[in-house]
Amino acid sequence: MLEVSGLSLESRVTNVNLRLSAGQMVGVIGANGAGKSTLLKLLAGLLTPSSGGSVWQQLDLHHINPSQRRQQLAYIAQQTLVNEAVTVAYALQVSQVNLAQTKSQLRHYRQQTSAEFGLTELLQRPVTDLSGGELKRVQLACGLIGQQPLILADEPIASLDLRHQLETLMLLKQRADNGALVLVALHDLALAARFCQQLVLLHQGQLLAVGEPAEVLSKSLLQQAYQVEVEWVCHQHGVAMLPRLLTD
Amino acid sequence: MRVKLWLVLCLASLLIGLGYLGSGVDGWRLLPENALESAILFEIRLPRLVLAGLNGMALGMAGAVLQLQLKNPLAEPGITGIAGGAGLATVVALYWGGLTPIAWSLPLVGMLGGALSLILLWLLSRGQMFGLRLILAGVALASLTGALMAVVLNLAPNPFAFQEWALWLMGSVANRGWSHVWLMAPSLVLALLLLLSQRRFLSAQIFDDATIATLGFQLGWNRFLIFAAVTLLVSASVVTAGIIGFVGLLAPHAARLLGQHQPLPMILLSALLGAWLLMLMDWLVRLIPTPVELQLGVVVSLIGAPWLLILLYRQHSAKY
């Protein structure tokens, strides 16, 4: 269980309260600048809150020591830069640093994650020779390689093609099905509705709504959060969202 | 290709060693034949060679560590202000001149100057020893110490003192003895041990700082230890050989161009290349016929800069 109470950081995030149980995928949505990344960074310990706190499985996330946090939490940044022309295999190995696991377990995780993200063929390639999409997959694999129970992913499907967007969200969903709590910041509301059990809608740093996608993705809430008029259209393949600017 | 390059490097190293250490007064001989030649070999040339090698190692290692830590391929010991701090403290001590009776006092003051620069860097970067703030603080500190050194030189009591201090600042391993080697070696060993204790943190430097912050390190402490090692390396180099630029920039790039990109092997290869480079340059200093022996730091920059440009030109299509 993740309990966030009164979490604030100046005006970027104000008085956010959440109670999210493990074993589900939760989408964090909102317009640009709504505070999605800031919220995830606060939970990841990258930013220090000005007030409030967060507790995960009875551990205070803001006062936990880095080693404990490492075992509990995986954070995937919007963009991870690899600064040296090391191989994919080496980057994966280094991303397992400080994980309290046996060597054979770590090797197993590496093989499993490489296969999951389709990196087996790329293992010996320098990261500087990869395409944007391949690099993004390496970044995701590096973030998820530790099998931690709390996963915070900040726009993990940005710059991925349609197939890899779906595959990535399916992998995150699979982690949630296996018992992890996955918080994922997303811009694609249709995918958020499809993959997430709950959505957290932020607006100007404040929590506007939290609940099941059908409740949160209502016309009025989306209009308030995104300043657009949204129409949900049902068709033979499913549901599509048609956004319109309010001035249209 | 890489094997051939290594063979060439090894052969060149052997030739440097032989060329450097030849002991004959009236022609080259490997082994000394009398007491004078023995003194030349063991008391002058050998410590000079070893000191050049150790300095190159220290600067090559420090440069590689700084480039990794600051995520900046232009980083080198000079931009941190640590070399400037050690140099300034030494020049100030020379100006007051009251320290010469104790042999270890001058180097000690230089080392303290380097340590003081580290503390200032830590304060100026508000304890965050990474990122642009640290680089800017280092550049400002380097400029300030450089200006203050110029002031001290300007106030030199006589032209001889001015010339002596100015030449010392240009960097050289001439007229050094085993005492300088014994000063350099423990700092190098201690710095190496510090860096080895931080090997995981150094390996993680392939990632950006935000990612590293989530990998379970005690960031402030890890970064401070890394900079303490760099301070030891750079300060020891400055107090034994003056300010030798460029090796710290060139050696890590040469290591990458030789195909080594993993942090720890890259740091070690950079140290070896730094040692090789400085020994080669010092040999050239001795060979180049000039009325006054050129300073090592000057020759390193004169030859190193075009060499780096050639390497970069030949590697135009490679990314590293």
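No value in this document is a laboratory result; all are computed from the given coordinates. Small disclaimer: the values here were computed from a predicted structure and weren't measured. Methodologically, a virtual Cβ is constructed for each residue, glycine included, from the backbone with ideal geometry; neighbour enumeration extends over all protein chains shown.
Remarks
- Pair A:Asp177, A:Gln68: separation of 7 Å Cα→Cβ label points (nm): 3.3
- For the stretch A:118-172, Kirkwood radius (reciprocal of mean inverse C-alpha pair distance, Å): 11.9
- Across the stretch B:180-309, counting alpha-carbon atoms alone, Rg and Dmax equal 16.7, 58 Å.
- The stretch between B:Ile310 and B:Ala35, if pulled fully straight at 0.36 nm per residue, gains 94.5 nm over its current Cα-Cα span.
- Mean residue ellipticity (222 nm) of chain B, computed from DSSP H runs ≥ 4 via -39,500 (n - 2.57), nearest 500: -23500 deg cm²/dmol
- For the protein assembly as shown, alpha-carbon Rg relative to the globular expectation (2.2 N^0.38 Å, N residues): 1.19
- Computed from the Cβ-Cβ distance with R0 of 25 Å, the FRET efficiency linking A:Val233 to A:Ser159 stands at 0.35.
- Within 10 Å of each Cβ in A:123-135, the average number of Cβ atoms from other chains: 1
- For the stretch A:119-124, 3J(HN,Hα) computed residue by residue from phi via the Karplus equation (6.51, -1.76, 1.60; θ = phi - 60°) reads 9, 4, 6, 9, 4, 8 Hz, glycine and proline entered as x.
- Between A:Ala89 and A:Val55, the contour length at 0.36 nm per residue exceeds the Cα-Cα span by 8.8 nm.
- Sorted peptide list for B:156-162, B:298-304, criterion being average Cβ within 10 angstrom, highest first: B:298-304, B:156-162
- Chain lengthening between A:Arg125 and A:Gln224 when straightened (0.36 nm per residue, less Cα-Cα): 31.0 nm
- Cα centroid separation, the stretch A:163-205 to the stretch B:140-210 (Å): 52
- Taking the C-alpha atoms only, the angle from helix A:103-116 to the longest principal axis of chain A is near 50 degrees.
- The mean number of partner chain beta-carbon atoms within 10 angstrom of a residue's beta-carbon across peptide A:83-95 is 5.
- Exceeding the 21 Å Cα-Cα cut-off - candidates A:Lys41/A:Lys136; A:Lys136/A:Lys173; A:Lys36/B:Lys71: A:Lys36/B:Lys71
- Dipole magnitude (debye, nearest 20) for the stretch A:1-85, charges at Cβ of Lys, Arg, Asp, Glu: 80
- Ranked for footprinting exposure by Cβ neighbours inside 10 Å, fewest first, A:Met241, B:Met61 give A:Met241, B:Met61.
- Among B:268-281, B:118-131, the order from most to least packed when residues are scored by Cβ within 10 Å on average: B:268-281, B:118-131
- With the convex hull of its Cα atoms as the shape, the stretch A:30-111 has an orientation-averaged projected area of 7.6 nm².
- Helix-only mean residue ellipticity at 222 nm for chain A, each DSSP H run of n ≥ 4 adding -39500 (n - 2.57), per residue, nearest 500: -10000 deg cm²/dmol
- Neighbour counts of C-beta atoms inside 10 Å place A:His108, B:His180, A:His164 in the sequence A:His108, A:His164, B:His180, starting with the fewest.
- Proximity of backbone amide H atoms, modeled 1.01 Å from N, is registered between A:Tyr75 and A:Leu152 at under 5 Å, excluding neighbours fewer than 5 places apart on the same chain.
- Taken over chain B, the ratio of Cα radius of gyration to 2.2 N^0.38 Å equals 1.00.
- By the beta-carbon count within 10 Å of each Cβ, the least crowded to most crowded order of B:Ser235, B:Ser203, fewest first, is B:Ser203, B:Ser235.
- The alpha-carbon positions of the stretch B:67-186 define a convex hull whose volume is 123 Å³ per residue.
- Comparing A:Val94, A:Val13, A:Val200 in a Gaussian network model of chain A, where Cα atoms under 10 Å apart are tied by springs, the biggest mean-square fluctuation is seen for A:Val94.
- Normalised by residue count, the stretch A:2-217 yields a Cα convex hull volume of 115 Å³ per residue.
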